[in-house]
Amino acid sequence: MRIGVPKEIKIHEYRVGLTPAGVRELVELGHELTVQTQAGAGIGFGDAAYQAAGAKIAADAAAVFANAELIVKVKESQAAEYPLLRRGQTLFTYLHLAADPAQAQALLQAGVTAIAYETVTAADGSLPLLTPMSEVAGRMSVQVAANCLQQANGGRGVLLGGVPGVESGKVVILGGGVAGTNAAEMAIGLRSDVTVVDRSTKRLRELSSLFGASVKTVYATTATIEALVAEADVVIGAVLIPGASAPKLVTRAMLKTMKPGAVLVDISIDQGGCFETSRPTTHAAPTYVVDGIVHYCVSNMPGAVPRTSTLALTNATLSYVKQLAQLGVMPALTNDAHFANGLNVHQGQITHPAVAQALGLSFRPYRIAA
Ligand SMILES: NC(=O)c1ccc[n+]([C@@H]2O[C@H](COP(=O)([O-])OP(=O)(O)OC[C@H]3O[C@@H](n4cnc5c(N)ncnc54)[C@H](O)[C@@H]3O)[C@@H](O)[C@H]2O)c1
């Protein structure tokens, strides 16, 4: 198969869809790899490393897209990439279509087959291609929150870990899934006072046995969230309803009850955000203030630690790229119902029910042969 890896063009995005090690494995299987020049340069993977792994280097994105049957990326396609997509081509990347109607229309019109990393499932119901980035974002959320809490950065001047004789900062984590659990680990590591809120009692039990007395677990209701938010120094939003827009758990009215200079980190911003006052920000200008509350809503947090993130992501995606390349795209999906859950767009139709619902568009399931 002809596989293309373009350079990411979202602002401050240095990750890349395949590492030289991944390219080498695919080349050894007989596939033809084209990598855009400088695609991995920002994280120490220069063109020479890709060439040594057996890839051809293309001068620009147009050359990568024109040649490839399968495009492997990291971020959703950007407006400048829309005209490069074509019918019959497969795009394998994060899409986050529920919150991005413009991209959905572009993919539908182009007639591409688009497989979203974030909706591929595993047998245990987890999301194996979202997991590594949720781990990164969850761990990062606590270090950015600690930074935002500093007075010079607009925060309330609280040290998360406190010091002997002074109490720790209060961290409330909404959603105790992968990102929330990793946030909790880091917050505990910094000696903060940690509460995890979830609507799954099963997950709350697991967290309680995992962390013991180091975390408080609270069932999510409007009343419990209202009470916790009012006391918090940091609220981390890490909820997910797969494929759908995030529920707005913290309202604008709740902000007025919070301590001035408290910090909201909305990891769920890539699904529309779980705070009513969230709007996507970038690493160039990551925060803004509403009603005295610092908001950090960067939609590609792992982009700030692109080397770690690329290695973690490609550890997870490579086996799926191999399946697509070895079996062909639709046979690979037909072969694996969990992989097929990644299919969001095919032949001008939305093929994922939650994505269609969020966008208010019609939905046509892709039928897996029995
Ligand atoms: N901003 C970024 O750069 C970035 C990076 C990676 C992941 N993410 C996002 O982080 C979010 C979390 O991802 P994850 O992998 O941890 O998901 P996950 O499925 O592992 O966890 C989500 C948790 O949210 C809980 N939940 C759902 N609705 C809830 C509600 N109404 N109240 C309380 N809890 C609720 C679920 O029970 C689950 O435990 C996703 O939106 C994901 O796209 C963002």
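Do any strands (runs of 3 or more DSSP E) entirely within segment 1-91 hold 1 or more residues that are more than 21 Å from residue 120 (Cβ to Cβ), and if so, which?
2-5, 32-36, 56-58
Give all pairs with beta carbons closer than 9 Å in which a residue from segment 215-238 that is without any contact (Cβ under 8 Å) to a residue 12 or more places away in the chain and at positive phi meets a residue that is among the acidic types (Asp, Glu) and more than 12 Å from the ligand (Cβ to nearest atom); count only pairs at least 6 apart in sequence or on separate chains.
Cβ pairs passing all conditions: none.
From the list 245, 214, pick out the single residue that is within 17 Å of residue 185 (Cβ to Cβ) and among the small types (Gly, Ala, Ser).
214
How many residues does segment 44-88 hold that are surrounded by fewer than 14 Cβ atoms within 10 Å (Cβ to Cβ) and more than 12 Å from residue 4 (Cα to Cα)?
Matching residues across segment 44-88 total 10.
Determine which single condition residue 42 fails, assuming it passes every other condition in (1) under 23 Å from residue 270 (Cβ atoms); (2) in contact with an Asp or Glu (Cβ under 8 Å, 6 or more places away or on another chain).
Condition (2) is where residue 42 drops out.
Condition check ((1) assigned to a helix (DSSP H, G or I); (2) within 20 Å of the chain's Cα centre (by Cα)) across all residues:
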| site | (1), (2) |
| --- | --- |
| 320 | yes, yes |
| 323 | yes, no |
| 334 | yes, no |
| 345 | no, yes |
| 356 | yes, yes |
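Going through segment 265-295 one residue at a time, which ones are within 13 Å of the ligand (Cβ to nearest atom), touching a residue at least 24 places away in the same chain (Cβ under 8 Å) and assigned to a strand (DSSP E or B)?
Across segment 265-295, the qualifying residues are 265, 266, 275, 282, 295.
Do we have any residue at all in segment 297-314 that's modelled with pLDDT of 95 or more, in contact with a Pro (Cβ under 8 Å, 6 or more places away or on another chain), under 28 Å from residue 86 (Cα atoms) and within 16 Å of the ligand (Cβ to nearest atom)?
Scanning segment 297-314 turns up at least one residue that is modelled with pLDDT of 95 or more, in contact with a Pro (Cβ under 8 Å, 6 or more places away or on another chain), under 28 Å from residue 86 (Cα atoms) and within 16 Å of the ligand (Cβ to nearest atom).
List pairs: first in segment 35-57 and in contact (Cβ under 8 Å) with a residue 24 or more places away in the chain, second crowded, with 18+ Cβ neighbours inside 10 Å and hydroxyl-bearing (Ser, Thr, Tyr), Cβ under 7 Å, 6+ apart or cross-chain?
Between residues of segment 35-57 that are in contact (Cβ under 8 Å) with a residue 24 or more places away in the chain and residues that are crowded, with 18+ Cβ neighbours inside 10 Å and hydroxyl-bearing (Ser, Thr, Tyr), the close pairs are 35/50; 40/50; 42/14; 43/14; 43/310; 45/19; 55/34; 56/34.
Taking segment 233-264 as the region of interest, how many residues are more than 15 Å from the ligand (Cβ to nearest atom) and either more than 21 Å from the chain's Cα centre (by Cα) or in a helix (DSSP H, G or I) (or both)?
11
Check whether at least one residue in segment 227-243 is among the small types (Gly, Ala, Ser), under 25 Å from residue 358 (Cβ atoms) and in contact with a His (Cβ under 8 Å, 6 or more places away or on another chain), and report yes or no.
Yes, segment 227-243 contains at least one residue that is among the small types (Gly, Ala, Ser), under 25 Å from residue 358 (Cβ atoms) and in contact with a His (Cβ under 8 Å, 6 or more places away or on another chain).
Take residues that are under 26 Å from residue 248 (Cβ atoms), near the ligand (Cβ under 9 Å from one of its atoms) and at pLDDT below 95 and tell me which of the helices (runs of 4 or more DSSP H) falling wholly in segment 115-212 contain 1 or more.
In segment 115-212, 131-148 are the helices (runs of 4 or more DSSP H) which contain 1 or more residues that are under 26 Å from residue 248 (Cβ atoms), near the ligand (Cβ under 9 Å from one of its atoms) and at pLDDT below 95.
The values are calculated or read from the model by the stated rules, or taken from the named source; none is laboratory data. Note that the structure is predicted; figures quoted are calculated from it, not measured. With ideal geometry, Cβ positions are generated from the backbone for all residues, glycine too; neighbour counts draw on all protein chains shown.
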